[in-house]
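Visitor: Supplied in structure tokens, the structure appears directly below.
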Number of protein chains: 2
Amino acid sequence: MDAAAALDELKFDANGLIPLIVQDAKNNQVLMMAWMNREALELTLSTGKIHTYSRSRKRLALKGESSRHFQHVKEFWTDCDKDVVLFKVDQDVAACHEGYRSCFYRRNDNGAWTTVGDRAFDPDKVYQK
Amino acid sequence: MDAAAALDELKFDANGLIPLIVQDAKNNQVLMMAWMNREALELTLSTGKIHTYSRSRKRLALKGESSRHFQHVKEFWTDCDKDVVLFKVDQDVAACHEGYRSCFYRRNDNGAWTTVGDRAFDPDKVYQK
């Protein structure tokens, strides 16, 4: 099976998208959930950096294009139904635009959302207005 | 903030669904990705067992209802945009209907899908025809 044939097996939805889970290769922390189209997936594999399809901006996006906090691909997985992709990555600095290592920084404790973890960077400094 | 108010902050999509990531509380392995509606989320929190909304069957589903391999809730997280939920669970036996511990048992090695890991159970024995 060549690489294109393996991608042909994946099931994109009616909008041509597939859910993406990104995990820290070091400790398996989930860093973010996003979406890819076929082009984002091919760019990710050819460059070694995670690219997504931004549904809000309706365009391809290199993860970290503003912050320069890239996600470097280490492993590429899919699930039993081949309708979700999962990448393990080396994360530069932090994944979340709010400055946290992971986008999942809110835990529900006794019914309330609690922020867990310190900011790795200051969003106001990294994203110049 | 009470528990219902915390759920009110979550953003369900136009179909009333929110993506769900389930992680093994022991080692952070991602076990599956699925979808919840508000009712599945409330049932999950009230029973302590993961419930999903099955888009293919168009109904609520208790994860493990056929196999009796339940997912027992340990932690409940959301992301920066509050449009994804993540649960860490104690997994009974295995998560995948194919018999593997995780639904993510296929890794892309040099362009080809490779099965990683042994089956924890035999689907033909667990799912009686």
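Visitor: Kindly indicate whether any position in region B:72-92 is of a type in the set (D, E, K, R), within 14 Å of chain A (Cβ to nearest Cβ), over 26 Å from B:Gln128 (Cα atoms) and surrounded by 19 or more Cβ atoms within 10 Å (Cβ to Cβ).
Guide: Yes, because at least one residue in region B:72-92 is of a type in the set (D, E, K, R), within 14 Å of chain A (Cβ to nearest Cβ), over 26 Å from B:Gln128 (Cα atoms) and surrounded by 19 or more Cβ atoms within 10 Å (Cβ to Cβ).
Visitor: Can you tell me which residues in region A:49-86 are touching a residue at least 40 places away in the same chain (Cβ under 8 Å) and among the hydroxyl-bearing types (Ser, Thr, Tyr)?
Guide: The answer is A:Ser66, A:Ser67, A:Thr78.
Visitor: Determine whether region A:39-48 contains at least one residue that is away from every other protein chain (no Cβ under 11 Å), assigned to a loop (DSSP other than H, G, I, E, B) and buried (at least 20 other Cβ atoms within 10 Å of the Cβ).
Guide: Looking through region A:39-48, none of the residues is away from every other protein chain (no Cβ under 11 Å), assigned to a loop (DSSP other than H, G, I, E, B) and buried (at least 20 other Cβ atoms within 10 Å of the Cβ).
Visitor: Which residue out of B:Ala61, B:Ala34 is more than 10 Å from chain A (Cβ to nearest Cβ) and either at pLDDT 95 or above or closer than 20 Å to A:Phe104 by Cβ (or both)?
Guide: On the way: B:Ala34 fails: more than 10 Å from chain A (Cβ to nearest Cβ).
Answer to the selection: B:Ala61.
Visitor: So which residues in region B:49-58 are surrounded by fewer than 19 Cβ atoms within 10 Å (Cβ to Cβ), part of a strand (DSSP E or B) and either modelled with pLDDT under 95 or not basic (Lys, Arg) (or both), if there are any at all?
Guide: Start the filter on region B:49-58 by keeping residues that are surrounded by fewer than 19 Cβ atoms within 10 Å (Cβ to Cβ), which leaves B:49, B:54-58.
From what's left, part of a strand (DSSP E or B): B:49, B:54.
The one that is surrounded by fewer than 19 Cβ atoms within 10 Å (Cβ to Cβ), part of a strand (DSSP E or B) and either modelled with pLDDT under 95 or not basic (Lys, Arg) (or both): B:Ser54.
Visitor: In region B:80-112, which residues are over 16 Å from the mean Cα position of the chain (by Cα) and either of a type in the set (Asp, Glu) or more than 22 Å from A:Thr114 (Cα to Cα) (or both)? Spell out how you get there, then give the answer.
Guide: Of region B:80-112, the ones over 16 Å from the mean Cα position of the chain (by Cα) are B:80-82, B:106-112.
Result: B:Asp81, B:Arg106, B:Arg107, B:Asn108, B:Asp109, B:Asn110, B:Gly111, B:Ala112.
Visitor: Answer yes if at least one residue in region A:61-70 is surrounded by fewer than 23 Cβ atoms within 10 Å (Cβ to Cβ), of a type in the set (A, V, I, L, M, F, W, C) and not in a loop (DSSP other than H, G, I, E, B), and no otherwise.
Guide: Yes, some residue in region A:61-70 is surrounded by fewer than 23 Cβ atoms within 10 Å (Cβ to Cβ), of a type in the set (A, V, I, L, M, F, W, C) and not in a loop (DSSP other than H, G, I, E, B).
Visitor: Filter region A:19-31 down to residues that are assigned to a strand (DSSP E or B) and either of a type in the set (Gly, Ala, Ser) or more than 7 Å from chain B (Cβ to nearest Cβ) (or both) and give me whichever is farthest from A:Val116 (Cα to Cα).
Guide: As a first pass, look at region A:19-31 and keep what is assigned to a strand (DSSP E or B): A:19-24, A:30-31.
If we keep only those that are either of a type in the set (Gly, Ala, Ser) or more than 7 Å from chain B (Cβ to nearest Cβ) (or both) too, we end up with A:20, A:22, A:24, A:31.
On the way: A:Leu20: 23, A:Val22: 19, A:Asp24: 17, A:Leu31: 13 Å.
Only one residue fits best here, namely A:Leu20.
Visitor: Sticking with this one: Going through region B:111-125 one residue at a time, which ones are within 15 Å of A:Ala6 (Cβ to Cβ) and surrounded by fewer than 17 Cβ atoms within 10 Å (Cβ to Cβ)?
Guide: Taking region B:111-125 as the starting set, the residues that turn out to be within 15 Å of A:Ala6 (Cβ to Cβ) are B:111-116.
The answer is B:Gly111, B:Ala112, B:Thr114, B:Thr115, B:Val116.
Visitor: Residues in region B:95-110: is at least one at the interface with chain A (Cβ under 10 Å from one of its Cβ atoms) and loosely packed, with under 15 Cβ neighbours inside 10 Å?
Guide: Pass one, region B:95-110, residues at the interface with chain A (Cβ under 10 Å from one of its Cβ atoms): B:95-100, B:102-110.
Pick out the ones that are also loosely packed, with under 15 Cβ neighbours inside 10 Å and you get B:109-110.
Checked against the condition, which is being at the interface with chain A (Cβ under 10 Å from one of its Cβ atoms) and loosely packed, with under 15 Cβ neighbours inside 10 Å, region B:95-110 yields at least one hit.
The values are calculated or read from the model by the stated rules, or taken from the named source; none is laboratory data. Model, not experiment: these values are computed from the prediction. Methodologically, a virtual Cβ is constructed for each residue, glycine included, from the backbone with ideal geometry; neighbour enumeration extends over all protein chains shown.
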